[in-house]
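Notes for the one structure printed next.
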Amino acid sequence: MTTQYVREPGLETVQVDENWIILNTDDYTVTKLNDVGGYCWGLLQVPYSLEALAAKVRADYDSAGEAVQEELERFLAELTRLGLVRHAG
Amino acid sequence: MSTFHTQIGDHILRIDCDSTELARSLQTNFHPFPADPSQEPHIRLQIQEGYGSAFRNDPVKIVVEAGRIVYDRGDYRIESSEDFRQAALAVHDLLSARHALMTLYSALIVREGWGLLLHASSVVERGRAYVFAGRSGAGKSTVARLSAPRALLADEATLIKLGPSGATVCPSPFHSEWPASRDAAACSPAGIYLLHQAVSDERTGVERSDGLLRLLEFVFYWPHSSAAARHVLPLLKRLVDDVPIYELYFRKNNAFWELISS
């Protein structure tokens, strides 16, 4: 079964110019995402698998290659470590 | 018992104090004015002197119980309604009373989305407010002193209203050494300057998102819950969307004014 990721509930997010800032009030940490990170963050309001997320990024950012999926895998691992996303279902 | 009304920002407060002497001392910060009988005060406070022990910089303990929010720091105790519009303050002395009032008022303005209190000094130059933020020792009070005879809005806790048409810096009663100038009027901010004492004067722009992250540590706010804490972020966004942020490196003289007001 493919792992799906989704945002943790209860996080406050604001967009400032091209960047996104997320406040985690469980541990009072703040995370800043660039425009692509923010785009992914927006998608993760609902569950997404790594593969589906990579497909969306490739399509909407006109990117190709395995590097996209590898980078997203690291990105999701970091967001998980920070307590911002979790495995869904 | 002594009763007086005062105004902070847009808010009218009615303060009932069991000590006439404490009330008189508070009025050096919180200027009294005649109450309008037709206008209900926005905030009603009862202040009792003699609580606890003198200030020792203990952390503020916050408890939510039975629809009330209780803050206790050892030298003050606040029992507030959930909307922060009615509260009983038990304070040890004048210093405790000032701090308790700041704790309560900062909670109210964040809850209402009205604005923020920043750990910053602020000064008026040609009708615009210049806000100087920094940690303890960065030079907020120094900059305020070097800026004389410009009108002072705050020497330590700057009050910023975030209205529909943008930010406004209001005279602040929460001062450390120097009170706000009696003739200082609320005005729009020209910029927020993150202070660094240096050997030469320099100003560099800060990207808005980085500015927001930097300003987070300068907000005076003691949240009683995770939900309450979340209110600060959208307020800071409104602030940085409206007001440019700069790093300011300055020498201990007033030459930096040529740089920032040009």
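The values are calculated or read from the model by the stated rules, or taken from the named source; none is laboratory data. All figures in this text were calculated on a predicted structure; none of them were measured in a lab. Quick reminder, even Gly has a Cβ in these numbers, built from the backbone with ideal geometry, and neighbours come from all protein chains shown.
Restricting to segment A:37-89, name every residue that is polar (S, T, N, Q) and surrounded by fewer than 13 Cβ atoms within 10 Å (Cβ to Cβ). A:Gln45, the sole residue that qualifies. Evaluating B:Tyr76 against the criteria (1) buried (at least 23 other Cβ atoms within 10 Å of the Cβ); (2) free of Cβ contacts under 8 Å to residues at least 12 places away in the same chain leaves one unmet condition, (2).
The residues of segment B:61-72 that are more than 15 Å from B:Pro223 (Cβ to Cβ) and either surrounded by 12 or more Cβ atoms within 10 Å (Cβ to Cβ) or in contact (Cβ under 8 Å) with a residue 40 or more places away in the chain (or both), listed by number, are B:Arg68, B:Asp72.
Of the residues in segment B:1-49, how many are in a loop (DSSP other than H, G, I, E, B) and either within 29 Å of B:Val169 (Cβ to Cβ) or at pLDDT below 95 (or both)?
Matching residues across segment B:1-49 total 18.
Here the helices (runs of 4 or more DSSP H) wholly within segment B:155-249 that include at least 3 residues being in contact with a strand residue (DSSP E or B) (Cβ under 7 Å, 6 or more places away or on another chain) and more than 30 Å from B:Gln27 (Cα to Cα) are B:208-216, B:232-242.
Within segment A:1-52, can you find the residues that are of a type in the set (Val, Ile, Thr) and touching a residue at least 60 places away in the same chain (Cβ under 8 Å)?
The initial filter retains those residues of segment A:1-52 that are of a type in the set (Val, Ile, Thr), namely A:2-3, A:6, A:13-14, A:16, A:21-22, A:25, A:29-31, A:36, A:46.
If the condition is that a residue be of a type in the set (Val, Ile, Thr) and touching a residue at least 60 places away in the same chain (Cβ under 8 Å), then A:Thr3, A:Val6, A:Ile22 are the ones that fit.
Within segment A:14-36, the set of residues being crowded, with 19+ Cβ neighbours inside 10 Å and closer than 23 Å to A:Val68 by Cβ comprises A:Asn19, A:Trp20, A:Ile22, A:Thr31, A:Leu33. The set of residues in segment B:6-22 being polar (S, T, N, Q) and buried (at least 21 other Cβ atoms within 10 Å of the Cβ) consists of B:Thr6 alone.
If you filter segment B:193-245 down to residues that are crowded, with 18+ Cβ neighbours inside 10 Å and away from chain A (no Cβ under 14 Å), you find that the one that is farthest from B:Val110 (Cα to Cα) is B:Leu195.
Results for (1) at pLDDT below 95; (2) touching a Pro at 6+ places or on another chain (Cβ under 7 Å); (3) of a type in the set (S, T, N, Q), shown as yes or no for each residue.
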{"position": "A:Ala59", "(1), (2), (3)": "yes, no, no"}
{"position": "A:Ser63", "(1), (2), (3)": "yes, no, yes"}
{"position": "A:Phe75", "(1), (2), (3)": "no, no, no"}
{"position": "A:Leu79", "(1), (2), (3)": "no, no, no"}
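Of the residues that make up segment B:163-174, is at least one crowded, with 16+ Cβ neighbours inside 10 Å, among the aromatic types (Phe, Trp, Tyr) and either within 14 Å of another protein chain (Cβ to nearest Cβ) or more than 21 Å from B:Phe33 (Cβ to Cβ) (or both)? Within segment B:163-174, none of the residues are crowded, with 16+ Cβ neighbours inside 10 Å, among the aromatic types (Phe, Trp, Tyr) and either within 14 Å of another protein chain (Cβ to nearest Cβ) or more than 21 Å from B:Phe33 (Cβ to Cβ) (or both).
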